[in-house]
1. Quick check: at a probe of 1.4 Å, how many percent of the accessible area of the chain sits on carbon and sulfur atoms?
2. Can you give the FRET efficiency for residue 106 and residue 161, using 1/(1 + (r/R0)^6), R0 = 45 Å, r = Cβ-Cβ distance, to the nearest 0.05?
3. Full-extension gain between residue 271 and residue 60, please, as 0.36 nm times their residue separation minus the C-alpha to C-alpha distance.
4. Set the Förster radius R0 to 25 Å, insert the Cβ-Cβ distance between residue 278 and residue 188 as r into 1/(1 + (r/R0)^6), and round the FRET efficiency to 0.05.
5. Just list whichever of 49/108; 49/77; 77/117; 75/96; 45/108 have alpha carbons separated by over 26 Å in the model shown.
6. What length, rounded to one decimal in nm, is gained on full extension from residue 312 through to residue 212, with 0.36 nm per residue of separation minus their alpha-carbon distance?
7. State in Å² the accessible area per residue of the chain; use a 1.4 Å probe, count heavy atoms of protein chains only, and round to the nearest integer.
8. Full extension from residue 304 to residue 149: what is 0.36 nm times the residue separation minus their Cα-Cα distance, to one decimal in nm?
Amino acid sequence: MPIFKTSRFQIIAAILVVLVLTTITYFDAFMYKKPIVQIEQVTQKSKTKGTDEYKNTDYQVVQLVKGHFANTAQKGKSVTITNSYTQSQLTDERYKPHQQVFVSKSAKNSYTIQSTKRDAIIVFAIGLVVILLFCMKFTRGKLFASVGINLVIFYAFMQTLIKVKTSMLVVLTIITSILIAAVALVIILGPTQDALMAFMSTFIATSVALLLSVWLLRLSGNSGIHFEMIEFDLQPYFGVFISQVIFSVLGVILDETMDISSSLIEMKQEVPDVDAKTLFKSGMAIGRELVGPLINILLFIVFAENLNLVMLYLTNGNSVGYTLDMTLSLGVTQLMISAIGIVLTVPTTSFIASQMVARRAN
């Protein structure tokens, strides 16, 4: 009963803190140097229908946005801004009362809306995640610590990448991925044999999967793989692609490794005299159950990431075969490499974990 009361108190406290921080950030306009306008009233001025060469219909809407300045020397002064947006809101935005927006002066006594002030929404979203973590009783300290440190590592990776040549991209990615995996495991599992076991399995499975995949790609001459379709025409194509694969495959393999390892550790605790052979078989059985769901998850991610391109190609009159070839070749290749890593992780983790766990004292 005391534990339940403590947990309930923590949840209530977290909710109150989130509400207070959200309220503070909603009224923190005085902290910004850019002019912020608090919208009070919005009226539609006009609405014009438009059709493009592909018979797609959209509407151009002009609205009058009335409000007052929430900061700067003009605080409290009323202002009326004309905003134009398309009904699809692809590259622009429709504004509503009670929103706060950043504005810039475009002419004498004339202002243009730049973007919406979203800090209160971001704080509330992060707070909601924290509240859910309190409700589910996750190890919040370890989780936030690992995420925070890994964000710092990734930021350092980006800063280093800016200063060095792009030829170092893959090397920097490998170093960064090793650090991220090591930090996550050490913080979550502690500097223990369990962390070492999971790291060894992750490193070996990822390395073998990447080396085998690169070898197969070289043998085929990268035939049918459109590296030029990498977003924003980034170069070097192959290095960018491999770096993307490393980060994506590392995450899924790390998750799979920890699932198998933790299951074998629990099995050892329940059956102290279990031998390495039995542990290995159990690890293989657990791994076989994980392979299917993990590959399907990655498949759905590929579909989700490329759905916009598929629709763009199809609506522009391209055939289904050409569309899939041009839009999904990179995603499917990445999926195949990840699938190889997922499959290799099962025997690798099962063997390493079974040997190390079996040697533990009863």
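The values are calculated or read from the model by the stated rules, or taken from the named source; none is laboratory data. Only a predicted model underlies this, so the values are computations on that prediction, with no experimental measurement involved. FYI the Cβ positions are ideal-geometry reconstructions off the backbone, even for glycines, and counts take in every protein chain you see. In case anyone asks, the SASA skips ligands and DNA or RNA and just uses the protein heavy atoms, side chains included. Shrake-Rupley method; radii C 1.70, N 1.55, O 1.52, S 1.80 Å.
1. Values: 14350 of 21670 Å².
Roughly 66 percent of what the probe reaches on the chain is carbon or sulfur.
2. Details: r = 36 Å, r/R0 = 0.80.
So the FRET efficiency works out to roughly 0.80.
3. Values: separation 211, 0.36 × 211 = 75.96 nm, distance 6.95 nm.
Residue separation times 0.36 nm, minus the Cα-Cα distance, leaves 69.0 nm.
4. Details: r = 27 Å, r/R0 = 1.06.
Taking R0 as 25 Å, the efficiency between residue 278 and residue 188 is 0.40.
5. Details: 49/108 31 Å; 49/77 35 Å; 77/117 19 Å; 75/96 20 Å; 45/108 22 Å.
Check vs 26 Å cut-off fails for 49/108; 49/77.
6. On the way: separation 100, 0.36 × 100 = 36.00 nm, distance 3.37 nm.
Result: 32.6 nm gained on full extension.
7. Values: 21670 Å² over 362 residues.
That works out to 60 Å² per residue.
8. Values: separation 155, 0.36 × 155 = 55.80 nm, distance 2.86 nm.
Extra length from residue 304 to residue 149 when fully extended: 52.9 nm.
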